[in-house]
Amino acid sequence: MTDPEFTPKIVGFLCNWCSYAGADLAGVSRIQYPPTIRIVRVMCSGRIHPVFILEAFKNGADGVLVAGCHDGDCHYLSGNYKAQNRVSLLKKVLEQFGLEPERLRLEWVSASEGDRFATVIKDMTEEIKKLGPSPLKAGG
């Protein structure tokens, strides 16, 4: 049973060149989305080490979003492909730790997609609400 009072805490690792700019566009365009995300600006989604994601969960995140440039648009050419491979492998690791892989999400958001960024946050917030608080919080 889900708690109607539960508000997820989502950590978002956003690439500087596309996704962060998309989040900024959502803000300046006053597009509404839930205040559930805490954004960490990184230069490239390919530079997000899996330890950063695991640390976010360890420190109480209910979900983690990794957002980068669309295929073929990476400022560093192949960073988004590296991120895709890492997230795919990390989802399997999370399952071994007893965390639902749906708590980790990878999305491509360009600088001109403020509305898409807001939609991703709304969808992820709803999905995490259905899953409930992170099981890692129970022990801590």
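Since every read-out is calculated from the coordinates, none of them should be taken as a lab result. On a predicted model such as this, the values are computed, not experimentally measured, just so you know. Neighbour counts run over all protein chains shown; Cβ positions are idealised from the backbone, glycine included.
Compute the relative contact order of the chain as a whole-number percentage, counting only Cα pairs closer than 8 Å that sit 6 or more residues apart in sequence.
Working: 247 pairs, mean separation 52.2, N = 140.
Over the chain, the number comes to 37 percent.
Taking the simple approach of a point 7 Å from Cα along Cα-to-Cβ for both HIS70 and ILE31, what is their distance in nm?
Taking the simple label geometry, HIS70 and ILE31 are separated by 1.3 nm.
From the square roots a ≥ b ≥ c of the eigenvalues of the alpha-carbon gyration tensor of segment 1-62, which class results: rounded (a/c under 1.5), prolate (a/b over b/c), or oblate?
Numbers: a/c = 3.63, a/b = 1.12, b/c = 3.24.
Oblate, since a/c reaches 1.5 and b/c is not below a/b.
List, largest first, the extents of the alpha carbons of the chain along their principal axes, each in whole Å.
Cα extents, longest axis first: 40, 33, 18 Å.
Just to be sure I understand: with springs between alpha-carbon atoms less than 10 Å apart, which residue in PHE97, PHE57, PHE13 has the highest mean-square fluctuation in the Gaussian network model of the chain?
PHE97
With N residues in segment 87-140, what two-decimal value do you get for its Cα radius of gyration over 2.2 N^0.38 Å? Show your work: numbers first, answer last.
On the way: Rg = 13.3 Å, N = 54, 2.2 N^0.38 = 10.0 Å.
It is 1.32.
Sum up the charges of everything whose Cβ sits under 12 Å from the Cβ of ASP123, counting Lys and Arg as +1 and Asp and Glu as -1, but leave ASP123 out. Could the numbers behind the result be given before it?
Numbers: positive: ARG105, ARG116, LYS122, LYS129, LYS130; negative: GLU102, GLU107, GLU126, GLU127.
Summing Lys/Arg as +1 and Asp/Glu as -1 gives +1.
If you add up the charges near ARG38, with Lys and Arg at +1 and Asp and Glu at -1, over every other residue whose beta carbon is less than 12 angstrom from its beta carbon, what do you get? Display every interim value, and only then the final one.
Values: positive: LYS9, ARG41; negative: ASP62.
Local net charge: +1.
Given CYS18, CYS44, PRO8, which one lies farthest toward the positive end of the charge dipole of the chain, if we put +1 on the Cβ of every Lys and Arg and -1 on the Cβ of every Asp and Glu?
Towards the positive end, the residue furthest out is CYS44.
Among VAL28, VAL42, VAL109, whose mean-square fluctuation peaks in a Gaussian network model of the chain (Cα, cutoff 10 Å)?
Residue with maximal mean-square fluctuation among VAL28, VAL42, VAL109: VAL28.
Suppose R0 equals 25 Å; then what is the FRET efficiency for ARG47 and PHE6 from their Cβ-Cβ distance, rounded to the nearest 0.05? Can you show the working numbers first?
Working: r = 32 Å, r/R0 = 1.26.
Taking R0 as 25 Å, the efficiency between ARG47 and PHE6 is 0.20.
Answer rounded, prolate or oblate for segment 52-101, using the Cα gyration tensor with square roots of eigenvalues a ≥ b ≥ c: rounded when a/c is under 1.5, else prolate when a/b is larger than b/c, else oblate. Show your work: numbers first, answer last.
Numbers: a/c = 3.08, a/b = 2.02, b/c = 1.52.
Prolate shape, in that a/c is at least 1.5 and a/b is the bigger ratio.
Which lysines, on any chain, are close to LYS129 with Cα under 16 Å apart, when same-chain ones fewer than 8 places away are left out?
LYS9, LYS137
Using helices alone, I'd like the mean residue ellipticity at 222 nm for the chain: each DSSP H run of four-plus residues gives -39500 (n - 2.57), total over residue count, nearest 500.
Values: 5 runs with 59 residues, N = 140.
Helix contribution divided over all residues of the chain: -13000 deg cm²/dmol.
Which FRET efficiency value, to the nearest 0.05, do you get for LYS122 and LEU77 by plugging their Cβ-Cβ distance into 1/(1 + (r/R0)^6) with R0 = 22 Å? Please list the in-between numbers first.
Details: r = 31 Å, r/R0 = 1.41.
Working from the Cβ atoms, E equals 0.10.
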